Amino acid sequence: MKTLLSAPPPGPLPPPARTAAALPCDLLGIIPVPLAELRAAAQTGISPAFLTAFFPQATETTALSRSAPYYRPGQHLTAIPALASALKNLDKHAPGELAALRYALVENLYNLLTAGAFALWESLTDQPAQAPPGATRLLDDLLDAATHLAADLAGRAPADPVQLPPTDLLAGLSRWRVFRELDSQQKIADELSYLISHVIDPQPQIRTILVPLYGSLALALAARAVLPVLRPHRQLSVHLVRLGFHDQARVSYLTPAGGVDHAATAPERQREALAAAAASTTVLVVDDNVGYGSTLRAARTLVHQLGGHAVTRSVETAWQLYHRSGRHDVSGVADLPSLRPNLHYTIQNRLISHLLRADPAAYIRDPVHRVPGRLSQQMAASYDLAVSTGSWSSGQLAAMRTELAHATACWRSPAVPTAPHRAAA
């Protein structure tokens, strides 16, 4: 999984046309799809029943780009050919048109392939001796196809159409995640723009990016997709590793001596690739969220075990924990903590539950979509809190100020509810 980077141009990275940054999205990354686009798509031969199942009407004029099938990927693998066919039909009969619907089709197809890749990753990691023939190759093919679609979502897809691998082997897998925590293409675009301009470009010693699964999988594939385009002359590899201490409590990652059991984190081929890439270099570890720091701490330990030096980054930070307890401190774990407050999992679950009940109108009406203010204002409050704790170094605070300035100028993600009780309002 290699990506290539080059010398930096000054300033932020402008988004290309037809990307997540060019389409309005909400807290989960869902976009509105005009009903007029659905009607036009039906006239090209796409089944109206299929369109309604995947893109439910939410208002008099719009549908949602996700529905229950998006959050039940294990039950909807058989929809992969239909999604691919609809996308091909749209590109043939309405090229360059129906942008929101096309984006929604790509994202739904991408979601199924990505969820399947993680389920297979777990299977090959936990039960390698029981893997059926072709499973290792299928994992590579799934990640390659998902990377192609991630480039499409970013508006930078190759000219060749995506090659979809056969997914028959996935039907026998039992463990499927309901959603990815970092699953907003807008949020991913915002994060990558900051990382490239203010972390990767200024630090040429960073040669490897390590992204913990499952929450950050979409970010890893986006980085794998767009970095070769944005930085074509500087070599840097992007690697995945399964680590988690809340949602993956069933896995014993830590050894009795306090190290990390590398065999518990990835299939053999991926472990070998990471070991080669991490040795004697600086590894940028990017996780979706830091709360108590367990995942970042373990990732740092693993990188050191492999002979590298880790620089850790969180895309979101659970700043509410500092309000709850003055003793909370992850300054020694997150080198570059984001000022972005995290979208609490209870809020995510609440929003997704509307879609699982096939109630898109309730989803639209949910009050968490109407948080006042801007994300940059929330981040400024996070910075004031960070200063007040007295635990962050001058270098960390300087990085926070840089992120805040970048976010104020460039980021388009919406403000988020910052505490679970607000979701129940």
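The values are calculated or read from the model by the stated rules, or taken from the named source; none is laboratory data. Keep in mind that what you see is a predicted model, and the values were worked out from it rather than measured. Cβ placement follows ideal geometry from the backbone for every residue including glycine, while neighbour counts extend to all protein chains displayed. Heads up: the accessible areas ignore ligands, DNA and RNA and are worked out on the full protein's heavy atoms, side chains in. Shrake-Rupley method; radii C 1.70, N 1.55, O 1.52, S 1.80 Å.
Of all residue pairs spaced 6 or more apart or on separate chains, those with beta-carbon atoms under 7 Å, a first member in the stretch 205-233 that is among the basic types (Lys, Arg) and a second member that is in a helix (DSSP H, G or I) and buried (at least 23 other Cβ atoms within 10 Å of the Cβ) are 224/147.
Each row is one residue, and each column tells you yes or no for (1) among the polar types (S, T, N, Q); (2) farther than 30 Å from residue 48 by Cβ; (3) surrounded by fewer than 21 Cβ atoms within 10 Å (Cβ to Cβ).
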{"residue": "85", "(1), (2), (3)": "yes, no, yes"}
{"residue": "101", "(1), (2), (3)": "no, no, no"}
{"residue": "120", "(1), (2), (3)": "no, yes, no"}
{"residue": "171", "(1), (2), (3)": "no, no, yes"}
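Working carefully through the options 157, 171, 189, find the one that is closer than 22 Å to residue 102 by Cα, small (Gly, Ala, Ser) and in contact (Cβ under 8 Å) with a residue 60 or more places away in the chain.
Details: 157 fails: in contact (Cβ under 8 Å) with a residue 60 or more places away in the chain; 171 fails: closer than 22 Å to residue 102 by Cα.
Just a single option satisfies the conditions, and that option is 189.
Of the residues contained in the stretch 256-271, one or more are found to be modelled with pLDDT of 95 or more, within 24 Å of the chain's Cα centre (by Cα) and within 27 Å of residue 201 (Cα to Cα).
Checked against the criterion of being part of a loop (DSSP other than H, G, I, E, B) and either open to solvent by less than 20 Å² (accessible area, probe 1.4 Å) or touching a Ser or Thr at 6+ places or on another chain (Cβ under 7 Å) (or both), the candidates 258, 307, 332 yield just one match: 307. Counting only residues that are open to solvent by 20 Å² or more (accessible area, probe 1.4 Å), under 25 Å from residue 394 (Cβ atoms) and in a loop (DSSP other than H, G, I, E, B), the stretch 335-375 holds 1 of them. Checking each residue in the stretch 173-191 for being in a loop (DSSP other than H, G, I, E, B), of a type outside the set (S, T, N, Q) and either at pLDDT 90 or above or buried (at least 18 other Cβ atoms within 10 Å of the Cβ) (or both) picks out 177, 179, 180, 181, 182, 183.
Scanning the stretch 127-163 for residues that are among the hydrophobic types (A, V, I, L, M, F, W, C) and more than 19 Å from residue 219 (Cβ to Cβ), we see that the one that is modelled with the lowest pLDDT is 159.
I'm trying to understand the selection: among the residues of the stretch 192-249, which are hydroxyl-bearing (Ser, Thr, Tyr), open to solvent by 10 Å² or more (accessible area, probe 1.4 Å) and within 22 Å of residue 339 (Cβ to Cβ)? Outline the logic, then answer.
Of the stretch 192-249, the ones hydroxyl-bearing (Ser, Thr, Tyr) are 193-194, 197, 208, 214, 216, 237.
Now drop any that are not open to solvent by 10 Å² or more (accessible area, probe 1.4 Å), which leaves 193, 197, 237.
Correct list: 193, 197.
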